[in-house]
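As structure tokens, the structure follows; a few thoughts come after it.
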Amino acid sequence: MKTLTRERLVGLAFLAPTLILFGVFVVYPIFYNVQASTLQWDGVNVGTPVGIDNYLELFQDPTFLITLRNSAFWIVLTIIPQGVIGFLLAVALNQGLRGSTIYRAIFFIPAILSPVVVGIVWQRILDPFNGVLTAIGKATGLEFLGGNYLADPQTAIFAVIFVNVWMWTGFSMLFYLAGLQLIDPSLMEAARIDGANGFQTMVRITFPLLKTTTLSLVLLGIIGSLKTFELVYVLTQGGPNHASEMLPTFAFLEAFQLQNVGYASAISVVLLVIAVVSSLSMVRVFGAGFITGDEK
């Protein structure tokens, strides 16, 4: 009994540094943010308690509804293209093509770049006056390519989503490539012997065996979509007229430009709740195995 108790104490001693850091940098900020969301506070002076008024105001705020719509667009229009294109690239590069290592690096490089750098580069590309896309349009007679995509309320969110897909497709490709290399080659050989062509093998064997990889990418995509900030802020700052506003940029606007820290804290709490509910829903539906890779 004493030995068991001693082992537990030793285990807790090893866990203590991690638990302390987790409490200080994760748990405490969450509770502090929740408390701040119940205040009318500018971040400097003493806040005035307002209860749930910030939340009631938030749910009636048209800009908040716009951010929810944009988040839905972002989740659907990034996860699906990134997954499909990434999967097809992974299948192609897994065939042992000449120079495949170089292609892997080229496709993956955007994912390791800073979103700020990516945003600045694409600002230059999409510049309606001197941008690369405008120059290509003039040279080829396709002048419609030089549209002011980032300043048009109808296209701003989709332009930023396109840049995000360009940036992160290589990440999906790498995930799928790792999954493909774990598939037993004998399964593919058996399929060929049975007369399955390449497309049938990909659809009926390869993709189903990568279900765990796909679900992991979906979960990462949802969380990444909800917390996206840098790319949107650099390209459009959430504009024009909130047309590309996301929850993090909305919170930033309220906290640091309008000095409405209590309201911004309420936005952050709602963002956290959405992310947690989305993650737990996926675990509930598909089981925790898709995270650990132990799904049967």
What Rg and what Dmax come out for region 109-193 when only alpha-carbon atoms are used, in angstroms?
-> 19.1, 57
If you place +1 on the Cβ of every Lys and Arg, -1 on the Cβ of every Asp and Glu, and leave all else neutral, what size is the dipole of region 190-296 about its Cα centre, to the nearest 20 Debye?
-> 380
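Ranked from highest to lowest mean number of other Cβ atoms within 10 Å per residue, what is the order of the peptides 226-232, 106-112? If you can, show how the numbers build up before the last one.
Values: 226-232: 19.0, 106-112: 14.6.
In decreasing order of mean packing, 226-232, 106-112 become 226-232, 106-112.
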Report, in deg cm²/dmol and to the nearest 500, the calculated mean residue ellipticity at 222 nm for the chain, where each DSSP H run with n ≥ 4 adds -39500 (n - 2.57) and the sum is divided by the residue count.
-> -21500 deg cm²/dmol
Enter the Cα centre distance for the pair region 39-86 and region 183-202, rounded to the nearest angstrom.
-> 46
Nearest 20 debye, what's the magnitude of the dipole of the chain about its Cα centre given +1 on Lys and Arg Cβ and -1 on Asp and Glu Cβ?
-> 920
Expressed in angstrom, Rg and Dmax over the Cα atoms of region 1-46 are 18.0, 55
In region 61-204, taking the dipole from +1 charges on Lys and Arg beta carbons and -1 charges on Asp and Glu beta carbons about the Cα centre, the listed residue (V160, A135, G96) farthest towards the positive end is G96
Inverse of mean 1/r across different Cα pairs in the chain, Kirkwood, Å | 22.5
Where a ≥ b ≥ c are root eigenvalues of the Cα gyration tensor, a/c under 1.5 meaning rounded, otherwise prolate if a/b exceeds b/c and oblate otherwise, region 176-226 counts as prolate
Sorted by chain and then number, the residues having a modelled amide H within less than 5 Å of the amide H of Q40, at least 5 places away or on another chain, are T48, V50
Based on the alpha-carbon gyration tensor of region 19-132, what equivalent-ellipsoid semi-axes (square roots of 5 times the eigenvalues) come out, in whole Å, largest first?
-> 42, 21, 17
For V84, tell me the accessible area in Å² from a 1.4 Å probe, rounded to the nearest 10.
-> 80
Provide the solvent-accessible area of T169, counting protein heavy atoms only and rolling a 1.4 Å probe, rounded to the nearest 10 Å².
-> 10
Ordered by residue, what ³J(HN,Hα) values in Hz, to whole numbers, does region 127-135 give under the Karplus form 6.51 cos²θ - 1.76 cosθ + 1.60, where θ = phi - 60° and Gly and Pro are x?
-> 4, x, 9, 10, x, 4, 5, 5, 5
Keeping all protein chains in place, calculate the accessible area per residue for the chain (probe 1.4 angstrom), answer in Å².
-> 59
Karplus ³J(HN,Hα) for region 58-68 (6.51 cos²θ - 1.76 cosθ + 1.60, θ = phi - 60°; Hz, whole; x = Gly/Pro) runs 4, 5, 9, 7, x, 5, 4, 5, 5, 5, 5
Please state the charge dipole magnitude for region 131-259, taken about the Cα centre, from unit charges on C-beta atoms (+1 on K and R, -1 on D and E), reported in debye and rounded to the nearest 20.
-> 180
10 Å-binned pair-distance histogram of region 193-275 (Cα, whole percent) | 16, 31, 20, 14, 12, 6, 1
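The values are calculated or read from the model by the stated rules, or taken from the named source; none is laboratory data. Predicted model, so just to flag it, every value in this text is computed and none were measured. Note that we place each Cβ from the backbone using ideal geometry, even for glycine, and neighbour counts take in every protein chain shown. Heads up: the accessible areas ignore ligands, DNA and RNA and are worked out on the full protein's heavy atoms, side chains in. Shrake-Rupley method; radii C 1.70, N 1.55, O 1.52, S 1.80 Å.
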